[in-house]
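Chemist: Quick one: the structure is below, and I'll ask about it shortly.
The values are calculated or read from the model by the stated rules, or taken from the named source; none is laboratory data. Remember, it's a predicted structure, so these values are computed and weren't measured experimentally. Cβ atoms come from the backbone with ideal geometry, glycine included; neighbour counts cover every protein chain shown. Side chains included, ligands, DNA and RNA excluded: accessible areas come from the protein's heavy atoms. Shrake-Rupley method; radii C 1.70, N 1.55, O 1.52, S 1.80 Å.
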Amino acid sequence: MFTDFRSITDSLPCGLVITDKHLNIQYVNSFAREKIFALRVADNPGNMRDHLFYTTDMRVFDMDDCMRSMVEQKKRNFHKTLITRRGETERLVYFSVKGFSKMNQDFYLFNITDISDEMDCITHSPGTFGKGEYLLRRKIIGHDTRIEEIYRMISLAADADVNVLIQGESGTGKELVADAIHELSDRKNNPFVKVNCAALSETLLESELFGHVKGSFTGAYKDKTGKFEQANGGTIFLDEIGEISQSIQVKLLRVLQDKTIEKVGDNKSVKVDMRIVAATNKDLRELIRKNIFREDLFYRLNVFNIVMPPLRERHLDIPMLIEFFLEKFNRSTSKNIKGVSRDAMKTLMEYPWPGNIRELQNAVEHAFVLVRGNLIEVEDLPEEIRNGMFAGSLKDVDNQQNNDLSATVYYAEIFRKNKSGRLKINKEQLKGVLEMNDWNQSKTADYLGISRVALWKKMKKLGL
Ligand SMILES: Nc1ncnc2c1ncn2[C@@H]1O[C@H](COP(=O)(O)OP(=O)(O)OP(=O)(O)O)[C@@H](O)[C@H]1O
Ligand SMILES: [Mg+2]
């Protein structure tokens, strides 16, 4: 149906794709086919969703939302997104889409511009994220695949200089991620300005963000530079974005669209250049449905979307996080706490952590105050954690590993996964892993990913 204009579209230096209303590709010009999707001649181009999406479980952006805003509501805003190229390289593209009908059928016409070279952000092969990997791993602890994915997203976002929306429950590390995005970006030598949108009244927040001129409202005794201006050239972190009022939402939209601001009480526009990283623990889609949050603002903020997993969904990261916090508090308190008893570890592993990593950090800090020996015991933990107000929360893990050794098993899991590095294990832990493997040394060595000789040396050194 669409082949009659092929010779024209094939000569275009941008991608043109026509899909049916279910996004099945009906037509693709040669630029899109070869340069963007990297399809071979015989390949079926498939569905648009497979291309303009990450195919991992970490969603970058939601195709259906995008279609709704662009086609059904006749908005023609551009979206920047990433395109997956057969899992080897990724390209950053701008695209727009328009709906049209032909012979009583509905179609979408996509216009795709590849801006990867301009943005210098082509990344090669999953798993290599170049610069900053070291920094990320030191700062954001975890080895769950979802955290690995977060590292990757941070690197991509840092390079792409797009607006980022970070979602996740309280205490999951949203601010840490915002920080890392700025640190890894080309804006790192310019300011990183944080604003907690929930902490101020509407009037104060407006003047905080935009600044004001003397006398513009009661209490405005002198001119004030707003955070947007302070962030010029750098990054502004708008925390708790779900809390801003409708009127500030409108003003923010204008900043996003025009990259200009007006001080309160002033009608002069000032150009600003900054990247916006916003965070929220609210479900913005729900707020949109309730007409509390503007949909158009959401799309502008949500160019790149990072979702932080709650701690209870990555339980196996707990020992590693504890280790990290032990080191941190040992340094700051000059104590020398060696670790966590097996029972305490089991308790910590089974708690569902509604306050996520912040709560875990607080628990370890609490224990540092109470601990008597050099091992944190159950009784050193905060009461709500000790009391197991959470029973049954760890069902899936417990079903898998239905025995009393769970803490040891988790430990072992950690060591096994960390086998690429040097094995750091103490006597108690090694004993646990040996027990788990019925004291079979080759099985244990296999499990830990070390040689039998190395295991034997380790056992001897630890007096086992
Ligand atoms: N993966 C992690 N590794 C090490 N520390 C972490 C990690 N995630 C969070 N933290 C620490 O936990 C605390 C809470 O993190 P952060 O403030 O980034 O969370 P948040 O998602 O912004 O929470 P809130 O929504 O309550 O503001 C901080 O002290 C942070 O350093
Ligand atoms: Mg925060």
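Chemist: Confirm whether residue 357 is in contact (Cβ under 8 Å) with a residue 12 or more places away in the chain, buried (at least 22 other Cβ atoms within 10 Å of the Cβ) and either polar (S, T, N, Q) or under 14 Å from residue 376 (Cβ atoms) (or both).
Modeler: For residue 357, the condition - in contact (Cβ under 8 Å) with a residue 12 or more places away in the chain, buried (at least 22 other Cβ atoms within 10 Å of the Cβ) and either polar (S, T, N, Q) or under 14 Å from residue 376 (Cβ atoms) (or both) - is not met.
Chemist: Considering only residues of region 199-208 that are more than 16 Å from ligand 2 (Cβ to nearest atom) and free of Cβ contacts under 8 Å to residues at least 40 places away in the same chain, which is nearest to the chain's Cα centre (by Cα)?
Modeler: 208
Chemist: Right, here's the next one. Is it the case, given these coordinates, that residue 290 is more than 30 Å from residue 96 (Cβ to Cβ) and assigned by TED's automatic domain parsing to the domain that holds residue 234?
Modeler: When the stated conditions are applied, residue 290 does not pass them.
Let's see how each residue does on (1) away from ligand 2 (no atom under 16 Å from the Cβ); (2) open to solvent by 10 Å² or more (accessible area, probe 1.4 Å):
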residue: 303; (1), (2): yes, yes
residue: 306; (1), (2): no, no
residue: 310; (1), (2): no, yes
residue: 317; (1), (2): yes, no
residue: 349; (1), (2): yes, no
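Chemist: Among the residues of region 262-282, how many are part of a loop (DSSP other than H, G, I, E, B), more than 16 Å from ligand 2 (Cβ to nearest atom) and either in contact (Cβ under 8 Å) with a residue 40 or more places away in the chain or not assigned by TED's automatic domain parsing to the domain that holds residue 247 (or both)?
Modeler: Final tally of qualifying residues: 6.
Chemist: OK, next. Could you look through region 175-192, keep only residues that are free of Cβ contacts under 8 Å to residues at least 60 places away in the same chain and within 16 Å of ligand 2 (Cβ to nearest atom), and pick out the one that is nearest to residue 353 (Cα to Cα)?
Modeler: The extreme case among them is 176.
Chemist: Quick one: residue 231 ticks every box in (1) within 16 Å of ligand 1 (Cβ to nearest atom); (2) out of contact with any Lys or Arg (no Cβ under 8 Å at 6 or more places or on another chain) bar one, so which box is it?
Modeler: Looking at each condition in turn, residue 231 falls short on (1).
Chemist: How many residues, within region 19-44, are open to solvent by less than 60 Å² (accessible area, probe 1.4 Å) and touching a residue at least 12 places away in the same chain (Cβ under 8 Å)?
Modeler: 14
Chemist: Output yes when any residue across region 158-165 is closer than 18 Å to residue 283 by Cα, open to solvent by 20 Å² or more (accessible area, probe 1.4 Å) and within 16 Å of ligand 2 (Cβ to nearest atom), and no when none is.
Modeler: No, region 158-165 has no match at all.
Chemist: Look through region 126-151, keep the residues that are more than 8 Å from ligand 1 (Cβ to nearest atom) and in contact (Cβ under 8 Å) with a residue 60 or more places away in the chain, and return whichever of them is nearest to the chain's Cα centre (by Cα).
Modeler: 150
Chemist: Give me the pairs: first residue in region 231-249 and at positive phi, second residue more than 12 Å from ligand 2 (Cβ to nearest atom) and open to solvent by less than 20 Å² (accessible area, probe 1.4 Å), beta-carbon distance under 8 Å, and six or more apart or on different chains, which are they?
Modeler: Within 8 Å, the pairs are 233/274.
Chemist: For the list (1) open to solvent by less than 30 Å² (accessible area, probe 1.4 Å); (2) away from ligand 2 (no atom under 16 Å from the Cβ), I need the number of the one condition that residue 246 fails.
Modeler: (1)
Chemist: Could you tell me which numbered condition residue 172 fails, if it satisfies all but one of (1) free of Cβ contacts under 8 Å to residues at least 60 places away in the same chain; (2) hydroxyl-bearing (Ser, Thr, Tyr); (3) within 16 Å of ligand 1 (Cβ to nearest atom)?
Modeler: Result: residue 172 passes all but (1).
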